[in-house]
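Structure, as structure tokens:
The values are calculated or read from the model by the stated rules, or taken from the named source; none is laboratory data. Just so it is clear, the model here is predicted, and its values are computed rather than measured. Neighbour counts run over all protein chains shown; Cβ positions are idealised from the backbone, glycine included. Surface accessibility is based on the protein's heavy atoms, side chains included, excluding ligands, DNA and RNA. Shrake-Rupley method; radii C 1.70, N 1.55, O 1.52, S 1.80 Å.
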Amino acid sequence: MSILGCAADLNLAARFSASKPGKITFLTASQIHMSAWVLPDHIADVLPCEARHIEELRRELLDMARCYGYELVMPPMLEHLESLLTGAGEALDLQTFKLVDQLSGRTMGLRADSTPQVARIDAHILNRAGVTRLCYCGPVLHTRPGVPHATREPLQFGAEIYGHAGREADLEVLLLALDCLKRARVHSPSVDMADARIVRALLDGLVLSGEQLANVHAALAAKDSSELSALAKNFPGAVRQNLLALVQLYGDSAVLDEAEKVLQPLPAVREALSSLKWFASRLSGTQVTFDLSDLRGYAYYTGARFAIYAQGAGDALVRGGRYDEVGAVFGRNRPAAGFSLDIKALVGVLPARPLHAAIRAPWRDAADLTAAIAGLRARGETVVCALPGHESEVDEFHCDRELIQVAQQWVVQAISQ
């Protein structure tokens, strides 16, 4: 009989032995339906080749952030729900798994986005004066996939800069994001930009419920003119006209000139358009487009925002921008800008990396061979010992060299192809 020793399997075995109260019957694997260990929808194991790519990329992105002066933080996987969600909007609430803390009885959440946590660290724990640069990388959990076929367990990498209200901070995180994609070997990325201040300025003065505002935002993001027209039928004529014009304002830099002509000349709108032109002028060599009705993402954006796309990726690889109000609930309403990306999604659009070069060594219980292998590993080499009877098996490593004994000395030589 095959014993199932895992605690989760004990519960499963107990269900099958309900006819014998007080006694747990251990079942063989053949007695348990295969669905017992099938993973939930949009949750998957990561196998060696992809896992290596993900881990190598994680290290490279963190190193790139460090080159810009960003310090690594590691927020917890779960927190009290109000800490995770305050100020983040309904979208993040719906994406968050919730559970009850058995110690306190309070409702907790498994993080669906790390930005509110990093804002809490900046505002409540570090509490530094001046500029603070922080980066992070860790799993987040989503109740539903963000886009079709996406994982519900992204590996989120991001960088945040706090304490500078000027657009220089926005540009810095945008350039860092582009350098991260370059390090990941993404070719010819394109940047699409918008600014949350435009819609906010056009709607300023209107009394709208949260549901009405969300519906307007959704219609704008979907470029649904008929739905937007119905939602805005009771709005002042100028507001309705401007909202409908936004739906058509997407494309290259000519869009910004057109926006200056057709939108109300409100100070916030003029400032937003000027900033977008400034960003575009500093991204030479990168394709830049604009979509002034793009309101996708969580509700905390307050200024310029960007999405970065690449050939072969159905959705944006990176999203970021300015979100000055995200830390207000933690006692410090600090200027903030940043971005995040899912390393798993990024790896999914990149070509597979070549196998890691390694040295094949024989297995032998000999002190001189053990010392030779230890010396090679100390120098950073991967040495794979071929266990007896498994000398010809192929695995994750490409053994292009071998360790052989020549004149009582162990030496490394290339394996002839």
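So here's what we get for this one:
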{"item": "Whole-Hz couplings from phi, Karplus 6.51/-1.76/1.60, listed for the range 153-170; x for Gly and Pro", "result": "10, x, 9, 8, 10, x, 9, 10, 10, 10, x, 10, 7, x, 6, 4, 5, 4"}
{"item": "Amide H contacts under 5 Å for His356, placed H, 5+ residues apart", "result": "His398"}
{"item": "Heavy-atom accessible area ranking, 1.4 Å probe, most first, across Ile43, Ile359", "result": "Ile43, Ile359"}
{"item": "Which label in (i) 36, 22, 20; (ii) 48, 31, 21; (iii) 38, 27, 25 gives the computed semi-axes √(5λ) of the Cα gyration tensor in Å", "result": "(ii)"}
{"item": "Across Lys233/Lys261; Lys233/Lys277; Lys182/Lys277; Lys223/Lys277, pairs whose alpha-carbon gap is larger than 25 Å", "result": "Lys233/Lys277"}
{"item": "Peptide ranges 106-114, 383-391 listed from the most packed, as the mean C-beta count within 10 angstrom indicates", "result": "106-114, 383-391"}
{"item": "Amide H within-cut-off set for Thr289, under 5 Å, with H built and near neighbours excluded", "result": "Val191, Asp192, Met193"}
{"item": "Carbon + sulfur, % of accessible area of the chain - ligands and nucleic acids excluded, 1.4 Å", "result": "54"}
{"item": "Accessible solvent surface per residue of the chain, calculated while the other protein chains remain in place, 1.4 angstrom probe, Å²", "result": "53"}
